[in-house]
Structure formats: C-alpha cells, structure tokens
1. Count, please, the residues in region 30-49 that happen to be among the aromatic types (Phe, Trp, Tyr), crowded, with 20+ Cβ neighbours inside 10 Å and touching a Ser or Thr at 6+ places or on another chain (Cβ under 9 Å).
2. For region 67-98, what are the residues that are aliphatic (A, V, I, L, M) and surrounded by fewer than 18 Cβ atoms within 10 Å (Cβ to Cβ)?
3. If you take the residues in region 1-44 that are in a loop (DSSP other than H, G, I, E, B) and among the β-branched types (Val, Ile, Thr), which one is nearest to the chain's Cα centre (by Cα)?
4. Those residues that are of a type in the set (A, V, I, L, M) and buried (at least 19 other Cβ atoms within 10 Å of the Cβ), I need them from region 107-124; list them, please.
5. Which residue, of Leu62, Leu88, Leu71, is at negative phi, in contact (Cβ under 8 Å) with a residue 40 or more places away in the chain and not in a helix (DSSP H, G or I)?
6. Take the conditions without any contact (Cβ under 8 Å) to a residue 40 or more places away in the chain and crowded, with 17+ Cβ neighbours inside 10 Å and apply them to Gly102. Does it pass?
7. Any idea how many residues of region 125-168 are surrounded by 14 or more Cβ atoms within 10 Å (Cβ to Cβ) and more than 10 Å from the ligand (Cβ to nearest atom)?
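All of the numbers you see were taken from the coordinates with simple rules; none came from a lab. Here the structure is a predicted model, which is why all the values come from computation and not from measurement. Note: ideal-geometry Cβ built from the backbone for every residue, glycine included; neighbour counts use all protein chains shown.
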Amino acid sequence: MDIMYFKRYRMEINLTDRDLTPGRAEEGYRFVPWSPAQLDAFAEAKYLSFRGEMDVNVFPCLGDFDGCQRLMREIARKPGFIAATTWLLTYSQPGQRLECCGTVQGIRDAAGLGAIQNLGIAPEHRNSGLGTILLFHALRGFCRAGLKRAYLEVTAQNDAAIRLYRRLGFVTVKTVYKAVETVYS
Ligand SMILES: CC(C)(COP(=O)(O)OP(=O)(O)OC[C@H]1O[C@@H](n2cnc3c(N)ncnc32)[C@H](O)[C@@H]1OP(=O)(O)O)[C@@H](O)C(=O)NCCC(=O)NCCS
C-alpha cells in the first residue's frame, strides 16, 4: 500500500449581485432536475463524463458505473443535499437512444456554503458551452436555497475545468493535497 498526494485548488464564488442566467443549449439537449427515480441516469452521466479522466486517480469510484451509482446515492442522502442544484443533461436525436451526457450536484456544507460536486460533461459533448450552462443551473439552485457563496475543489492539472471556473468568476482561495491510497500488485 502506498499513498499518493494530488494537488487541488479550492475555488470560491460570491453568488450575490451576479447574473446567473444560463445560456441556451443547442437543439436536442435538455436539463433535467433531480428526482430519485432518475438516480441511475445521473450515475450513467457521471460515469460517461469521468471515465478515463484524471479525477479517477483521485476518486476511483468515478471510474465505473457501480461506483458512480453508489456516489450518487450517498450525495442524495446527505443532510445538506440541495435538489435544486442537482441536474442531469440529456441529448436526444430523432430515432436514437437518449444519451445521459452531463451532470452536476450540490450540497450545503456544515458552514452554510454551497459545495459543487462532480461537474462533468461526456467527451463528445464538450466545448459547446454545456459545462458552463450546467454550472449556472447549479449556482442558481444555491441562490434559490438562500446561499451567498459556493465553492468546489479541482485537481491542479485540470486546465479545462480551471479555465471554465475562472471565466465564471471563481477564484482560488486555497491549495489542498488529497491523499489517496494506491495498491500495487
Ligand atoms: C470541465 C468540463 C466539465 C467542461 O465542460 P464543457 O462542456 O467542455 O465546458 P464549456 O463548453 O462550457 O467550456 C469549454 C470550452 O469550450 C468553449 N466553448 C463554449 N461554447 C462554445 C461553442 N459554442 N463553440 C465552441 N467552443 C465553445 C469555452 O469557451 C471553453 O473554452 P476554453 O477551454 O478555451 O476556455 C469537461 O471538460 C469535463 O467534464 N471534464 C472531465 C470531468 C472533469 O474533470 N470535471 C471537473 C471536475 S472539478
């Protein structure tokens, strides 16, 4: 057993006096609010968004469907879970199977701040503004719940995500090191 440390940034945003109107997605995309009956769809979107990504090294459960299903169940059971911050992105084209292609969740932490969990968009749907829109939906959910500030943690090498967060107004407030146990066979 070995321990690896991953450098991550805590980034925060002030939610007051901010225009959080989400842009419009292209035709075929739908933003679906949380409902417990959709848990498996949320888990599938999470799995398809994170599989093979660097965060699987930090949170191995993101790398398989069962792990994502477990994680969704845990998040939804947390006392601070806020349904209004928790969204699924789907894509459908006539005659084709509905795709679950993005998701985000949010909780209120013990200090009363909003904590964004696992924003993800499946690779073939990236770079069209969908991650930005999904994050706006989550931030609006925090506002509706009366929260004034929100934060997230991001792996220091995750340039695409950090650019997105900075563009929306998140600022880095702290560097943290996440310890992860690794087993060598
Ligand atoms: C981070 C992540 C959620 C971003 O999702 P996304 O849908 O690609 O985000 P956006 O499309 O809003 O923004 C990405 C880029 O597309 C650009 N873009 C936005 N709309 C666009 C459009 N209509 N046409 C072309 N480009 C566009 C943005 O300007 C941005 O460019 P930049 O990277 O040069 O700054 C996605 O890369 C992802 O899921 N990564 C893996 C999981 C992960 O690491 N999540 C973060 C955990 S903290």
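1. Initial filter on region 30-49 (among the aromatic types (Phe, Trp, Tyr)): 31, 34, 42, 47.
Subset that is crowded, with 20+ Cβ neighbours inside 10 Å: 34, 42, 47.
Subset that is touching a Ser or Thr at 6+ places or on another chain (Cβ under 9 Å): 34, 42.
Within region 30-49, residues that are among the aromatic types (Phe, Trp, Tyr), crowded, with 20+ Cβ neighbours inside 10 Å and touching a Ser or Thr at 6+ places or on another chain (Cβ under 9 Å) number 2.
2. Going residue by residue through region 67-98, those that are aliphatic (A, V, I, L, M) are 71-72, 75-76, 82-84, 88-89, 98.
Hits for region 67-98 are Ala76, Ala83, Ala84, Leu98.
3. First, the residues of region 1-44 that are in a loop (DSSP other than H, G, I, E, B): 1, 15-28, 34-35.
Okay, now just the ones that are also among the β-branched types (Val, Ile, Thr), so 16, 21.
Working: Thr16: 21, Thr21: 18 Å.
Filtering region 1-44 for residues that are in a loop (DSSP other than H, G, I, E, B) and among the β-branched types (Val, Ile, Thr), the one nearest to the chain's Cα centre (by Cα) comes out as Thr21.
4. Passing the criteria: Ile107, Ala115, Ile116, Leu119, Ile121, Ala122.
5. Working: Leu62 fails: not in a helix (DSSP H, G or I); Leu71 fails: not in a helix (DSSP H, G or I).
Going through Leu62, Leu88, Leu71 in turn, just one is at negative phi, in contact (Cβ under 8 Å) with a residue 40 or more places away in the chain and not in a helix (DSSP H, G or I): Leu88.
6. Working: without any contact (Cβ under 8 Å) to a residue 40 or more places away in the chain: no; crowded, with 17+ Cβ neighbours inside 10 Å: yes.
No.
7. 13
Table: residues versus (1) closer than 21 Å to Ile82 by Cβ; (2) in contact with a strand residue (DSSP E or B) (Cβ under 7 Å, 6 or more places away or on another chain); (3) in a helix (DSSP H, G or I).
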| position | (1), (2), (3) |
| --- | --- |
| Asn118 | yes, yes, no |
| Glu124 | no, no, yes |
| Gly131 | yes, yes, yes |
| Leu135 | yes, yes, yes |
| Gly141 | yes, yes, yes |
| Leu147 | yes, yes, no |
| Val154 | yes, yes, no |
